[in-house]
Each structure stands twice: as structure tokens, then as C-alpha cells.
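These notes are about the structure you will find just below.
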Amino acid sequence: MPARPAPTAPSAAHAPHATARVHEPRRDDCPWCGSARLRNRLRTGDLRQYKPGSFTVDECRDCGHTFQNPRLTAEGLALHHRTVRGAPRDPASDGLLALRGSRARHRSAARAMRRFGEPESWLDVGTGHARFPATAREFFPYTAFDGLDTTPRVVRARSADRVEEAHVGRLTDPRIASPLRGRYDVVSMLHHLEGTPDPRAELHAALSVLRPGGHLLVETLNPQSVFAALLGRWWLAYDQPRHLHLIPPRNLRAELEAAGCTIVTVDHRPTHVPHDLSGALALSLSHALPAPDTPWRAIPPPPVHRHAREVLLRAGMPLVALAATADHLIAPVARRTRFANAYRLIARAAP
């Protein structure tokens, strides 16, 4: 079979490891507390999308902050989020990750805010297609929901009437945050902070657009989950290279309290997603099989390898389904213990 032509310079999106602009310099200290006491958690490739590159995740021994090191630049992060035609996908792990944004979990997050009454205005940060505001409107029919996202998806969400105003960019951009200052009763960030270059700046930007006494709703991953230690690089929540920061609950709590907020609740139970065992099995199974074809391979795999991979993946799906059953069986215990893989924090801004 003839070799594929070598990629030209504009196709760097297909080989994000080939250019130095994709990574920032490696840090010798923690981006959260500044401690130099770091330890390596894992080194891995892109286990879900098979894009080229090697990625390192470090942990601060003092505060527990877990972060990609060296971190992707904004350009590198965009390259790894970009969909490439012909790129392989793992339906099992993709489907498990989608559980975090399921309608049931959106209803749970919205329901948690009912005790604070009906807000006049609500900004959902990292809203994507604005499925959360569309769900939350069932509980708050008179609330004006706005959305912010780094992609044009939020504009399409506005056209679909899921949000009233659409803002494209980051909340840390003064051109976006300044006109919104002090405008919202609620700001929500659902699985948003882990993908941001500077989560502390995101938090303070969120507080700046809250009205006095307004509420910040955060849901994010828990790097202290026992599953993270047990499963290592196969823990689905690491999702390298798309997750840049995993923040322990105590760090998030301390940061918001230092900013004058009152912490209303920190809860692991409603946010734990039962996908740890099944996600690890899906990833490890996929990588135990012949490598898939990808747009960045110089020589495609022979047809027999592609056929064998498809057959073996289908044969392994019952095992993944069995692991998913185990995830759901242990979920009532996991969500109440250190096995919980996510948490929800609600904070009230200073009056």
C-alpha cells in the first residue's frame, strides 16, 4: 500500500506535538500555592482521540493541586479540542463522559439552587450548546439565562432560544467581564474549571459579574478520588490533554472564602458519575488492540488490523457493560466516600 504524503506545515493541527508553540515552559512550582514540592502523577498520551503527543500530570505535595505540566498553550488546547475528519473515536468512553452533561445531572444542579429563590439573571459559563440553561428553565421559568463559551456553539444556542444573550470568549477577558460586572444573581460553572488555563482567574472573574449576595455554582472533578490513585492513567477523568487543572475541594473553598464568600455547601454525593471502572476498561481495551487508523499516520494499518480491531472492540463491549453495572452497584457507597470523582460547591458572594 503506498505511503501517505507527509503533512505540510498548515496541517500542524494534525500533529500538535510537532510545534513548540503548543506547550508552555514546564513549571517547577505549583500554579495554585507556589510550592516547589511537586510529584509526578502520570505520563500519558491522548487515550481517547489518539492525537500525537505525550502529556504529564503533576501534583503539589503541599496543597494537592493537580495540573498538566508543561501546560498546553491556548493554541495547543484549541488544536486538541478541534475535530479532525477521519480521527478515531472511542464510543464507549465518549458515551461515559457524556454522562456528566446528562439531563438528569443538569436537573440535579438546577434543583440545588431552588432553595435560594428565583434569580432574575443567570450566566452559565462554558455553556457549549446551552443544554444546562434549557434544563434549568424548567425550574426557573422567569429567569433570564445568558451563556458564555469559547466556541460559537453558544451563538447557535441563542438562535435556538436556549439563552437570551450569547458571549463568545473567556470570562477573564476584560472586554467580556467589564460590561457584565455586577449583573447576575447566579453564575454556574459545570465541569468548566478543569479545562481552563487559569481557574483562579476564572473564579474571580465569576465573582466580579455577580451581584452582592449572588451565588456561584461550581461542579468539577475531584483529584483526591481513590479511583484516581487506583486506576492511574486509565482514570477517565484525567482526559489528557484536555483537562489542565484538577482542584481539591479544600483549595476551592479556601480561595472563595478568602474572596469574602460564604460557602453554602460542598457535596460529593449528587455529582459522582459512575463511570470509573467502565471508563478504565474501555480505555485499556482500546489500547490493547491493534492501533486504529488516524489522519496523522504516515502509513495506514493493513486492512486485517482494522478489521480485527473492529471485531475485538465489539467483542469487548459486554465486558465494558459489566463494568458499568459494577460502577452503578457501588455508586451509593462511592459517592459518600473518598471514591467520589466529582463535587459541587455553592458559594454566596459578599453582600
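The values are calculated or read from the model by the stated rules, or taken from the named source; none is laboratory data. Because the structure is predicted, anything quoted here is derived from the model rather than measured. Don't worry about glycine lacking a Cβ; one is built from the backbone with ideal geometry, like all the others, and counts go over all protein chains shown.
Scanning the stretch 43-55 for residues that are surrounded by fewer than 18 Cβ atoms within 10 Å (Cβ to Cβ) and either closer than 21 Å to Leu221 by Cα or in contact with a helix residue (DSSP H, G or I) (Cβ under 6 Å, 6 or more places away or on another chain) (or both) turns up Arg43, Gly45, Pro52.
When restricted to residues that are in contact with a Phe, Trp or Tyr (Cβ under 9 Å, 6 or more places away or on another chain) and either surrounded by fewer than 17 Cβ atoms within 10 Å (Cβ to Cβ) or within 26 Å of His328 (Cβ to Cβ) (or both), the stretch 249-263 contains 1. Of the residues in the stretch 305-313, none is at pLDDT 95 or above, surrounded by 15 or more Cβ atoms within 10 Å (Cβ to Cβ) and not in a strand (DSSP E or B). Filtering the stretch 269-279 down to residues that are crowded, with 21+ Cβ neighbours inside 10 Å and of a type outside the set (Ser, Thr, Tyr), which residue is farthest from Ala331 (Cα to Cα)? Only one residue fits best here, namely Gly279.
Restricting the stretch 163-216 to residues that are among the aliphatic types (A, V, I, L, M), crowded, with 18+ Cβ neighbours inside 10 Å and without any contact (Cβ under 8 Å) to a residue 40 or more places away in the chain, which is nearest to Cys261 (Cα to Cα)? Residue satisfying both the conditions and the ranking: Ala205.
Can you find a residue that is among the hydroxyl-bearing types (Ser, Thr, Tyr), assigned to a helix (DSSP H, G or I), at pLDDT 95 or above and surrounded by 18 or more Cβ atoms within 10 Å (Cβ to Cβ) anywhere in the stretch 141-160? So that I can check it myself, show each step before the final result.
Of the stretch 141-160, the ones among the hydroxyl-bearing types (Ser, Thr, Tyr) are 142-143, 150-151, 159.
Retained after the next criterion (residues that are assigned to a helix (DSSP H, G or I)): 159.
Checking the rest, the ones that are also at pLDDT 95 or above come to 159.
Cutting the leftovers down to surrounded by 18 or more Cβ atoms within 10 Å (Cβ to Cβ) gives us none.
For the stretch 141-160, residues among the hydroxyl-bearing types (Ser, Thr, Tyr), assigned to a helix (DSSP H, G or I), at pLDDT 95 or above and surrounded by 18 or more Cβ atoms within 10 Å (Cβ to Cβ): absent.
Every residue, every condition in (1) part of a strand (DSSP E or B); (2) on the phi < 0 side of the Ramachandran plot; (3) out of contact with any helix residue (DSSP H, G or I) (no Cβ under 9 Å at 6 or more places or on another chain), yes or no:
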| position | (1), (2), (3) |
| --- | --- |
| Pro212 | yes, yes, yes |
| Leu217 | yes, yes, no |
| Thr220 | yes, yes, no |
| Leu230 | no, yes, no |
| Pro241 | no, yes, no |
| Glu255 | no, yes, no |
| Val264 | yes, yes, no |
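Taking the listed residues Asp293, Asp239, Asp276, the one that is acidic (Asp, Glu), under 20 Å from His65 (Cα atoms) and in contact (Cβ under 8 Å) with a residue 24 or more places away in the chain is Asp239, with no other qualifying. Whether any residue in the stretch 323-334 is in a helix (DSSP H, G or I), loosely packed, with under 13 Cβ neighbours inside 10 Å and either hydrophobic (A, V, I, L, M, F, W, C) or touching a Gly at 6+ places or on another chain (Cβ under 6 Å) (or both) is what I want to check. Yes, there is a match, as at least one residue in the stretch 323-334 is in a helix (DSSP H, G or I), loosely packed, with under 13 Cβ neighbours inside 10 Å and either hydrophobic (A, V, I, L, M, F, W, C) or touching a Gly at 6+ places or on another chain (Cβ under 6 Å) (or both).
Among residues of the stretch 312-327 that are more than 19 Å from His287 (Cα to Cα) and among the small types (Gly, Ala, Ser), those with a beta-carbon under 7 Å from a residue that is modelled with pLDDT of 95 or more and buried (at least 18 other Cβ atoms within 10 Å of the Cβ) at least six positions away or on a different chain give the pairs Ala326/Leu277.
Out of curiosity, is Ala104 touching a Phe, Trp or Tyr at 6+ places or on another chain (Cβ under 6 Å), at pLDDT 85 or above, outside any loop (DSSP other than H, G, I, E, B) and within 23 Å of Asn341 (Cβ to Cβ)? Taking the combined requirement at face value, the residue does not satisfy it.
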